[in-house]
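The values are calculated or read from the model by the stated rules, or taken from the named source; none is laboratory data. Remember, predicted model here, so these are calculated numbers, not experimental data. Every residue, glycine as well, gets a Cβ built from its backbone with ideal geometry; the counts of neighbours run over all protein chains shown.
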Amino acid sequence: MVDLHAVRNADVVVDDDVGAELDLAPDLHRCTEEEIVGQGGLVHDPLAIIPGMEERGQLGRAAICCLLHSLSPGGSTWQWIRLLERHAAQGGRATIFAGDGALAEPARDAGIEVVLTTWDENQAFGGAPAEVGKHDVAIVHCEQSVVDALPRTLDICERVALAVHVAPQSVIRELAPPTPMKLRRAVEAAVATPNAIVLVRGETHRRKVARAYGLPPSALKILPTSLDLPSLPFRPATREPREALALTRLAPDKKDIVRVAVELVRTRLDQGHRCRLTIAGDGAWRLQAIALCEQRLPQGAWLMEGAQTDPAARLADCDLVVAQGTTTLEAAALGRRVVVTRPFGARGASATVLTPERYDDAARDPFGNPQVSEDFSRIWDEAGALDELALTDLRRLVERHNSLDAAAQALDEALSGVLT
């Protein structure tokens with residue numbers, strides 16, 4: 001008997017795996033309603049077949065959409081563009097609902113439909129609820145006004161994933177009420193809903209979110225940060241570092257990157273070495289970044305660049321990268337020396353050099369807790385000591401744990417466990 005089941009917005013649909021499991025029809029999605037009703041002994045009218053379900057795509061689902069605050073440059077946005085590009089290339093349908101930004105065009109070039117959406121608390125979908133509901137899976141970013149769309153998404157989509165990409169402590173520190181409570185309620189709602197899951201970025205991040213919100217860690221699924229590794233050629237840095245690059249969105253939650261980079265270059269100059277700082281990025285914290293450079297560095301020792309249209313090319317062109325999150329992995333994949341920053345402590349900036357031994361805590365999990373130092377002379381010594389063998393080992397670790405294939409598999413496994 002044909003596996004038919006009821007779903008929202010349709011009386012009956014044909015399960016998208018039935019063609020692989022039964023010989024009822026060679027190409028089930030091409031059958032007419034009369035053929036399916038006749039062979040299945042059904043009288044439902046209308047008979048609905050999910051559009052596009054004949055093509056499962058890279059992520060194992062026919063149609064996937066992602067709800068983002070905007071398409072401004074950022075590591076999380078790039079990750080979803082890369083994952084959805086792979087999905088579309090494998091025959092799946094991919095859509096991003098988001099505010100406009102510099103990454104809108106790259107997303108379209110990647111075969112992703114872009115629906116520009118104005119998020120508003122009084123109109124959660126910006127006029128596009130029907131389009132979101134036509135997808136089998138919706139990924140909702142847990143950020144400010146986007147989570148206002150979560151309740152309706154849970155009602156109209158078969159499977160929903162709420163992607164949490166910041167630490168609860170950062171939410172409380174950086175965002176004004178009532179936003180922290182709103183984000184918490186979104187996480188709690190997703191955990192409590194059978195057709196939803198919550199995605200976090202690593203084991204340490206999972207423990208932090210679970211502890212902050214009083215949830216069992218098992219309720220949260222890990223989606224590793226992923227990179228398009230073929231686009232990141234490995235060319236290990238071997239020369240003495242002369243440029244420190246801080247490639248980042250210039251926002252209050254990223255200020256530690258700039259602060260560490262400034263102190264690194266100041267220390268290097270004080271030691272009598274040639275060195276220059278380049279800050280590449282735009283954002284609300286730009287003026288503060290300029291003021292910090294003017295206070296701590298001599299004229300001519302620093303340079304401000306805008307947001308990069310090709311971040312990987314810029315990373316590959318420098319000697320040493322100061323980073324957090326996705327940029328840490330990109331720089332390591334390219335063979336750059338990387339200094340990983342952590343929150344600015346009471347006594348000053350803190351950081352560590354990325355080595356193979358520190359990969360899990362300093363790179364694989366962006367919220368890990370590696371041992372950090374405020375001794376920038378020591379950090380320079382450690383960075384300079386990284387040889388080609390160590391840099392090659394770091395590339396292999398990225399390939400093993402943070403490829404697009406690894407992330408796609410993790411997402412598909414998480415979604416496969418969702419009840420619908």
Picked from the stretch 77-91 (must be farther than 13 Å from A407 by Cβ and of a type in the set (A, V, I, L, M)), the residue surrounded by the most Cβ atoms within 10 Å (Cβ to Cβ) is A88
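Which residue, of A176, A186, A196, is more than 24 Å from V160 (Cβ to Cβ) and either surrounded by fewer than 21 Cβ atoms within 10 Å (Cβ to Cβ) or in contact with a Leu (Cβ under 9 Å, 6 or more places away or on another chain) (or both)?
It is A176.
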Q. Regarding P343, is this residue farther than 25 Å from L269 by Cα, outside the structural domain of E174 (by TED's automatic domain parsing) and not polar (S, T, N, Q)?
A. no
Checked against (1) among the aliphatic types (A, V, I, L, M); (2) under 23 Å from A307 (Cα atoms); (3) crowded, with 22+ Cβ neighbours inside 10 Å; (4) without any contact (Cβ under 8 Å) to a residue 40 or more places away in the chain, A94 satisfies every condition except (2)
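Residues A212, A261: which one is assigned to a helix (DSSP H, G or I) and under 16 Å from A167 (Cα atoms)?
Criteria check complete, one pass: A212.
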Among (1) in a helix (DSSP H, G or I); (2) under 29 Å from L264 (Cα atoms); (3) small (G, A, S), A407 falls short only on (2)
